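So the structure is just underneath, and the comments pick up after that.
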């Protein structure tokens, strides 16, 4: 395993604020993700984790603060520019394209990988055809990686939820990202499936991709994450080694409630 | 054989109008396939129609050259429209495009030097059905190539979920702008085709009638594959004529009834690639169940 602490920072979130009306979904959050690490993003529902992912990928823009990625400022960039820098993602509620086959989904994810221009692709020039074939093979390879290559020609929406999640990961890998953001990749999966995703995440990290994943399964976080950030009410609760983060009394309280409260509830019964 | 000739004599012009309408339907499809509902095809058709008529009438240019200029004119008009309209949210854009249809007619009425105003323009030249067929085939070929290229894939992604597409490096603005250019060029060609077919055009030629026809054809045929709008235009144009032959009184009602039936029972249109995939998936599931039963028994 890589010595993560010595790696340079790849992503820096600096006092980022995002308000929706009067509510600060993210209220001055600072977080760091080191290159080559699997970084967990945890926190109770409504803590602002998905909002943070949306801010990093440019679907939302922060009201205050900065987001640095490999020395670049992301906060004013458009999503497609950020994707061009090498950040891709999956979604909490799977968002595959309706009406597309599994292979087409992943091919779309490879849009930035293509070398042919839109016009030469339209004309069907030999170079563009070869390029299309190359990208197609790349997409098939990614499908093999998530063990979904046998479904390449099927309509993605006819497959099971867990399968769609894996296809979404393959799609996000299409453009060979440097940073992959996974928003609850194991939601709705059983233990074996979740562990398979954890192992895949480690494989990807060992191939040089930094991963930031939102995850609720604490067992998975301690087993597969190198470091983590805990959020609550849009703010930082703890950051660092997963085990010590989860042992942190504040984190315990945010997730499981106060001990006195539990005793009071007991006495009320 | 004789019956065939009779049929042709009666319905030959219907086929010609169906082909002209196919251009309008394809022009609508061009933007709709990137998630933009726009009636601006009518404006592009007017630009193409009056340009082509003037080029032939005033400057004595060849019909083919007039078509080329109509296409380019429509495309340029589309560039202007797109740079303004793509700032709007989708439903506002649809509304704005409808407003543009009204503006187009008023503008055409008040620029008699270009359009003949209320008196309209007589177009002294016509084209054969075969020439129109060739032009439509070439246009269809363009849509076929687009569908099977990176642009096609990207436009489908933008239509289904523009936000997700953008996080994969696809610029929805660029794709939709390109779609408008294509819509403009094809709309311009359609406008010219209509001008050379009717041989008389006025501001009312390019008005609500076309807007209704192009949307109905696209809904009827389906907007998820380039073949849909062509089939839609053919049926939508031929249907009233056919109905008239059977029951003359219902001609006008028939259009509306068919449209409602299609929207209720085939909301994605007659040509729907997704339905094929769904049917295949259902069949596969049945096969698996059969296998399971067999091994059980």
- Task: Give the residue, chosen from B:230, B:210, that is over 22 Å from residue B:51 (Cβ atoms), more than 14 Å from chain A (Cβ to nearest Cβ), surrounded by 21 or more Cβ atoms within 10 Å (Cβ to Cβ) and within 12 Å of the chain's Cα centre (by Cα).
- Result: B:230
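Going by what's in this entry, would residue A:53 be described as at pLDDT 95 or above, surrounded by 17 or more Cβ atoms within 10 Å (Cβ to Cβ) and assigned by TED's automatic domain parsing to the domain that holds residue A:221?
Spelling it out, residue A:53 is indeed at pLDDT 95 or above, surrounded by 17 or more Cβ atoms within 10 Å (Cβ to Cβ) and assigned by TED's automatic domain parsing to the domain that holds residue A:221.
Give the range A:157-166 a look and list any residue that's touching a residue at least 60 places away in the same chain (Cβ under 8 Å) and closer than 17 Å to residue A:203 by Cβ, or say none.
Restricting attention to the range A:157-166, the residues satisfying the condition of being touching a residue at least 60 places away in the same chain (Cβ under 8 Å) are A:157, A:161, A:164-165.
Scanning the range A:157-166 gives a single hit, A:165.
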- Quick one: residue B:115 ticks every box in (1) on the phi > 0 side of the Ramachandran plot; (2) in contact with a strand residue (DSSP E or B) (Cβ under 7 Å, 6 or more places away or on another chain) bar one, so which box is it? (1)
- Task: Would you mention how many residues in the range B:192-217 are closer than 24 Å to residue B:64 by Cα and without any contact (Cβ under 8 Å) to a residue 24 or more places away in the chain?
- Result: 0
- Message: Condition first: more than 7 Å from chain B (Cβ to nearest Cβ) and in contact with a helix residue (DSSP H, G or I) (Cβ under 6 Å, 6 or more places away or on another chain). Now tell me which residues in the range A:117-133 satisfy that.
- Response: A:120, A:128
- Note on the structure: Going through the range B:151-179 in order, the residues found to be in contact (Cβ under 8 Å) with a residue 40 or more places away in the chain, under 22 Å from residue A:128 (Cβ atoms) and either more than 8 Å from every other protein chain (Cβ to nearest Cβ) or in contact with a helix residue (DSSP H, G or I) (Cβ under 6 Å, 6 or more places away or on another chain) (or both) are B:155, B:158, B:175, B:177, B:179
- Item | Selection from the range A:197-223 of residues that are out of contact with any helix residue (DSSP H, G or I) (no Cβ under 7 Å at 6 or more places or on another chain) and part of a loop (DSSP other than H, G, I, E, B) | A:207, A:208, A:209, A:216
- Out of all the residues in the range A:132-149, is one or more at pLDDT below 95, closer than 24 Å to residue B:179 by Cβ and part of a loop (DSSP other than H, G, I, E, B)? no
- Of the criteria (1) at pLDDT 95 or above; (2) touching a strand residue (DSSP E or B) at 6+ places or on another chain (Cβ under 7 Å), which one residue A:78 fails: (2)
- Message: Give me the strands (runs of 3 or more DSSP E) completely within the range A:10-94, filtered to those with at least 2 residues that are within 22 Å of residue B:163 (Cα to Cα) and more than 14 Å from every other protein chain (Cβ to nearest Cβ), ordered by residue number.
- Response: A:23-34, A:64-69
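Select from the range B:263-285 the residues that are more than 12 Å from chain A (Cβ to nearest Cβ), assigned to a helix (DSSP H, G or I) and without any contact (Cβ under 8 Å) to a residue 12 or more places away in the chain and list them in ascending order. Steps first, please.
If we filter the range B:263-285 for residues that are more than 12 Å from chain A (Cβ to nearest Cβ), which is where we start, we get B:263-267, B:269-271.
If we keep only those that are assigned to a helix (DSSP H, G or I) too, we end up with B:263-265.
Matches in the range B:263-285: B:264, B:265.
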- Scanning the range A:56-77 for residues that are buried (at least 16 other Cβ atoms within 10 Å of the Cβ), over 17 Å from the mean Cα position of the chain (by Cα) and within 18 Å of residue B:171 (Cβ to Cβ) gives A:77
- Query: For the range B:77-98, does any single residue satisfy the condition of being buried (at least 22 other Cβ atoms within 10 Å of the Cβ) and touching a strand residue (DSSP E or B) at 6+ places or on another chain (Cβ under 7 Å)?
  - Reply: no
- Query: How many of the residues making up the range A:145-156 are surrounded by 13 or more Cβ atoms within 10 Å (Cβ to Cβ) and either more than 8 Å from chain B (Cβ to nearest Cβ) or within 13 Å of residue A:169 (Cα to Cα) (or both)?
  - Reply: 8
- Message: For residue A:244, only one of the following conditions fails: (1) in contact (Cβ under 8 Å) with a residue 60 or more places away in the chain; (2) under 23 Å from residue A:37 (Cα atoms). What is its number?
- Response: (1)
- Report yes if residue B:288 is within 14 Å of chain A (Cβ to nearest Cβ), exposed (fewer than 11 other Cβ atoms within 10 Å of the Cβ) and farther than 30 Å from residue B:105 by Cα, otherwise no. yes
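The values are calculated or read from the model by the stated rules, or taken from the named source; none is laboratory data. Since the model is a prediction, treat every value here as computed from it, not as a measurement. Cβ coordinates were reconstructed from backbone atoms using ideal geometry, including for glycine residues, and neighbour counts include every protein chain displayed.
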